[in-house]
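Engineer: Just passing along the structure, written as structure tokens.
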Amino acid sequence: MNSSRPLQRTRLQQSLGGAWPRLEQWSTNPWRRLSLLLIVLLSTFFIGNAVSTIIGARAFLDPPAALICVAMIELAVRARRPLLRRSGDRLGLQLLDMSRIGFCYGLLLEGFKLL
């Protein structure tokens, strides 16, 4: 295969390539942005709740699952730093924060259920 030729631009590449700027432009309306952030918060809350419920039912996976959850949250915290330095729209930072908060709250709620 000749590596000097550029890859072909498909419709899928063109569509997904402009998805993030279109989402940022769509979310300039404050109500749309709030609804998007709320959807992400509630979705990740559900995921955190479901993960802890499913893993809790299979007791032999508790330590690896806890390690994976802590690693995911730590990676989200570390991914925040470059987003803080970026100027312009902060949609990515807000979506990351909402997903982190929702996931942590989902795990926390399951922990309180066990008490």
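The values are calculated or read from the model by the stated rules, or taken from the named source; none is laboratory data. Treat the numbers as computed from the prediction; the structure is a model and nothing was measured. A quick note on method: Cβ atoms are made from the backbone with ideal geometry, for glycine too, and the neighbour counts reach across all protein chains shown. SASA here: full protein model, heavy atoms, side chains in, ligands and nucleic acids out. Shrake-Rupley method; radii C 1.70, N 1.55, O 1.52, S 1.80 Å.
Engineer: Remind me, what semi-axes does segment 67-110 give for its equivalent ellipsoid, largest first in whole Å, using sqrt of 5 times each Cα gyration tensor eigenvalue? Each step should come with its number before you reach the end.
Structural biologist: On the way: eigenvalues 99, 29, 5 Å².
So the three semi-axes of segment 67-110 are 22, 12, 5 Å.
Engineer: Also, I was wondering about something else. Looking at the chain, identify the longest residue range that excludes and avoids all trypsin sites (Lys or Arg not before Pro) in DSSP loops having at most 11 other Cβ atoms within 10 Å.
Structural biologist: On the way: sites that count: Arg9, Arg58, Arg86.
Answer from the scan: 10-57.
Engineer: Additional query: Return the ratio Rg/(2.2 N^0.38 Å) for segment 20-87, where Rg is computed over Cα atoms only. Walk me through the numbers on the way to the answer.
Structural biologist: Working: Rg = 16.2 Å, N = 68, 2.2 N^0.38 = 10.9 Å.
Ratio of Rg to 2.2 N^0.38 Å for segment 20-87: 1.48.
Engineer: Tell me, what % of the accessible area of segment 32-92 is carbon and sulfur with a 1.4 angstrom probe? Provide the component values of the computation, followed by the final result.
Structural biologist: Numbers: 3110 of 4340 Å².
C and S atoms contribute 72 percent here.
Engineer: Next question, about the same structure. Suppose only helical runs count, i.e. DSSP H with n ≥ 4. What mean residue ellipticity at 222 nm does that imply for the chain under -39500 (n - 2.57) per run, divided by all residues and rounded to the nearest 500 deg cm²/dmol? Could the numbers behind the result be given before it?
Structural biologist: On the way: 5 runs with 91 residues, N = 115.
Dividing the helical sum by the residues of the chain leaves -27000 deg cm²/dmol.
Engineer: Using each residue's phi in segment 29-44, evaluate 6.51 cos²θ - 1.76 cosθ + 1.60 at θ = phi - 60° and report the 3J(HN,Hα) Karplus result to the nearest Hz, with x for Gly and Pro.
Structural biologist: 5, x, 6, 5, 4, 4, 5, 5, 5, 5, 4, 5, 4, 5, 5, 6
Engineer: Where only protein heavy atoms count, and the probe is 1.4 Å, what is the accessible area per residue for the chain in Å²?
Structural biologist: Values: 8950 Å² over 115 residues.
Accessible surface, normalised per residue, equals 78 Å².
Engineer: Just the ratio, please: alpha-carbon radius of gyration of the chain over 2.2 N^0.38 Å, N its number of residues.
Structural biologist: Working: Rg = 18.6 Å, N = 115, 2.2 N^0.38 = 13.4 Å.
The chain yields a ratio of 1.40.
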